[in-house]
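First up is the structure itself, then whatever we jot down about it.
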Ligand SMILES: [Zn+2]
């Protein structure tokens, strides 16, 4: 967070840049253990490597032909220079549909033409905004309650803007707690009132409910518990990111269910859903991971050939480690590394790797070196059971029958345009990302307008 100067303005970026350089110089001189810098003897890995051509691959009639890529972006802006505590948050989630065959014909050209590529893509977008700090829905309410009311309103109003998917985020949240075609009737909510003795989760219908113990109004979206991380003093960037990861998941639920209802035997079973980032839910809403796993496993069991879903990580310790393995030639093109407890120990430097991931992930990590040399860190959904549990989970490829078809798509959708990336993920990211610089100025202006704040006087800028 930037510091405020004597005149009330934020400290300039150049000074922050300078202090950043000092911190880096200090870090360079201390001696931490960074697993990716100490890969050492790697012969132990070979027993954990499969070849992509050893996995069952779909015949041409069952090959995946389309990809739906989902990505989100969040930005929290200070609204006024004179009121640095007032923050306004924007988030948007984009989904793109990419026709792999249309893209393949582009690949036979020497370069992938972005214009031709965008013609092969349809996209959907959900965007939302509300004050995250220092501004409230009503006078006299806490910032946590202001957030709860904003999230309730947002989930009732927002729909995914795509053909024939006429469902609000709230309806999709009830759907995720049920099974495809059968949304749950109530969601379990813990009363958020401080000191309230209501212990068990309270069933809350779409209309909301009063806490039977303290009488406080409860909203179905309270089940997400995002308000638990909201603080009075701070920008509340973190809960905004949690909210966006939930919306990303609901966009995937909405689009997959649309295909399941209308074309499960012809389109859904030929489509790969790719999320930018791992298939995981972090922070207070983490219980949704179990709902997501159960929902998509149920969908897969009622879809001929199953449903293919994966997450692709572009940053983090596993990506750094995977890149180091490729640099040391421990992984050849076409190699798939099983990420079992021993690999997790090497990556996370942990001594209790068997329980890794069980609280957050609904897909299992795999490290794949694509045929063109790219290194891709995937999470993939098991056909049944959980990917991680307290006993090591299901590391091997046998529990993931969609893996061969997914690696086939990874091999077909790489591009020199996007290093170590997948074209559908990059396209979704390009749709969802906020432009830096001039774009954030525009967001600040609209936030001031929405909060009813007059533009700051010129001398204050
Ligand atoms: Zn209560």
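Any idea which residue in the stretch 174-191 is nearest to the ligand (Cβ to nearest atom), counting only those that are part of a loop (DSSP other than H, G, I, E, B) and surrounded by 15 or more Cβ atoms within 10 Å (Cβ to Cβ)? Among those that are part of a loop (DSSP other than H, G, I, E, B) and surrounded by 15 or more Cβ atoms within 10 Å (Cβ to Cβ), it is 191. Can you find a residue in the stretch 201-222 that is within 16 Å of the ligand (Cβ to nearest atom), part of a helix (DSSP H, G or I) and touching a strand residue (DSSP E or B) at 6+ places or on another chain (Cβ under 7 Å)? Yes; the residues of the stretch 201-222 include at least one that is within 16 Å of the ligand (Cβ to nearest atom), part of a helix (DSSP H, G or I) and touching a strand residue (DSSP E or B) at 6+ places or on another chain (Cβ under 7 Å). Checked across the stretch 380-390, the condition of being touching a strand residue (DSSP E or B) at 6+ places or on another chain (Cβ under 9 Å), assigned to a strand (DSSP E or B) and under 25 Å from residue 246 (Cα atoms) holds for at least one residue. Among the numbered conditions (1) touching a residue at least 60 places away in the same chain (Cβ under 8 Å); (2) in a helix (DSSP H, G or I), the only one that residue 238 does not meet is (1). Considering only the stretch 391-413, state which residues are outside any helix (DSSP H, G or I) and at negative phi. Of everything in the stretch 391-413, those that are outside any helix (DSSP H, G or I) and at negative phi turn out to be 391, 394, 395, 396, 400, 401, 402, 413.
Screening residue 194 on (1) within 16 Å of the ligand (Cβ to nearest atom); (2) part of a loop (DSSP other than H, G, I, E, B); (3) touching a strand residue (DSSP E or B) at 6+ places or on another chain (Cβ under 9 Å) shows it passes everything except condition (3). Screening the candidates 64, 45 for the property of being more than 21 Å from residue 395 (Cα to Cα), in contact with a strand residue (DSSP E or B) (Cβ under 9 Å, 6 or more places away or on another chain) and either at pLDDT 85 or above or not in a helix (DSSP H, G or I) (or both) yields one hit, 64. Using the structure shown, decide if residue 265 is within 16 Å of the ligand (Cβ to nearest atom), more than 24 Å from residue 429 (Cβ to Cβ) and either touching a residue at least 60 places away in the same chain (Cβ under 8 Å) or surrounded by fewer than 22 Cβ atoms within 10 Å (Cβ to Cβ) (or both). Taking the combined requirement at face value, the residue does not satisfy it. Give the stretch 192-215 a look and list any residue that's loosely packed, with under 15 Cβ neighbours inside 10 Å and within 30 Å of residue 127 (Cβ to Cβ), or say none. The answer is 205, 207, 208.
The values are calculated or read from the model by the stated rules, or taken from the named source; none is laboratory data. What you see is a predicted model; the values in this text were computed from it and never measured. Neighbour counts run over all protein chains shown; Cβ positions are idealised from the backbone, glycine included.
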